[in-house]
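Below is one structure, written out as structure tokens, with a few remarks after it.
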Amino acid sequence: MREEVPERCQFTNLDKAAIRREGTHLSLITYGYGLVWANRLAETLASEGIETEIIDLRSLAPIDWDTLATSLQKTHRALLLQEPSEMMGPMSEISSGLMERCFEFLDAPIMRCSSLNMPVPFNRYLEAGYLADARLEETARKLLAY
């Protein structure tokens, strides 16, 4: 990834999540490098007429529940993407919080896409299958099928 470095310092409010892409069919909530994977998936799905809303959490504490709830009221589906393994990852807490706050808006269960629950492989071919990106499109399509 390359991008221009601004001449002047820019401050960003980390208390608010950022909607990186507007969508109506699926809310894909992520942070960090997950944004790269989310954008790739959104482009693939957009070619089929499926609009994915990508939400960048920016920060895991505090969590901007209002932005997440507003998105779920629009899309009715949430896919939580994280690079760490599913077990005890930050998206487990976010999933629980969304269920408590947004259950009535959901048309499908909240789904998570994470890396496998195992040590990180040191072989690049094995690592490619370990990372969450390897299962992202399949998980999104499963959620959209509800």
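Derivation of every value follows stated rules applied to the coordinates shown; laboratory data play no part. Every value quoted in this text rests on a predicted model; they were computed, and no experiment measured them. Cβ coordinates were reconstructed from backbone atoms using ideal geometry, including for glycine residues, and neighbour counts include every protein chain displayed.
Between SER59, SER96, which is free of Cβ contacts under 8 Å to residues at least 60 places away in the same chain and either under 13 Å from ILE110 (Cα atoms) or in a strand (DSSP E or B) (or both)?
Sole residue among the options that is free of Cβ contacts under 8 Å to residues at least 60 places away in the same chain and either under 13 Å from ILE110 (Cα atoms) or in a strand (DSSP E or B) (or both): SER96.
May I ask you to say which residue of THR70, THR44 is of a type in the set (Val, Ile, Thr), over 15 Å from LEU144 (Cα atoms) and part of a helix (DSSP H, G or I)?
After applying the criteria, what remains is THR70.
Given the residues ARG101, ARG20, which is the only one that is in a helix (DSSP H, G or I), among the basic types (Lys, Arg), more than 18 Å from SER115 (Cα to Cα) and touching a helix residue (DSSP H, G or I) at 6+ places or on another chain (Cβ under 7 Å)?
Answer to the check: ARG101.
Quick check on my filter: what residues within region 20-32 are surrounded by 15 or more Cβ atoms within 10 Å (Cβ to Cβ) and either under 15 Å from GLN73 (Cβ atoms) or polar (S, T, N, Q) (or both)?
GLY23, HIS25, LEU26, SER27, ILE29, THR30
Condition first: among the β-branched types (Val, Ile, Thr) and surrounded by fewer than 14 Cβ atoms within 10 Å (Cβ to Cβ). Now tell me which residues in region 94-146 satisfy that.
VAL120
Anything in region 109-130 that is in a loop (DSSP other than H, G, I, E, B) and among the aliphatic types (A, V, I, L, M)? List them, or say none.
First pass over region 109-130, keeping only residues in a loop (DSSP other than H, G, I, E, B): 109-110, 116-123.
Once the filter is applied, which keeps residues that are in a loop (DSSP other than H, G, I, E, B) and among the aliphatic types (A, V, I, L, M), region 109-130 yields ILE110, LEU116, MET118, VAL120.
Among the numbered criteria (1) of a type in the set (D, E, K, R); (2) farther than 16 Å from ALA17 by Cα; (3) surrounded by fewer than 20 Cβ atoms within 10 Å (Cβ to Cβ), which single criterion is violated by ASP64?
(2)
Which members of region 1-52 meet the condition of being among the hydrophobic types (A, V, I, L, M, F, W, C), in contact with an Asp or Glu (Cβ under 9 Å, 6 or more places away or on another chain) and touching a residue at least 40 places away in the same chain (Cβ under 8 Å)?
Answer for region 1-52, where residues must be among the hydrophobic types (A, V, I, L, M, F, W, C), in contact with an Asp or Glu (Cβ under 9 Å, 6 or more places away or on another chain) and touching a residue at least 40 places away in the same chain (Cβ under 8 Å): ALA17, ALA18, ILE19, LEU26, LEU28, ILE29, TRP37, ALA38, LEU41, LEU45.
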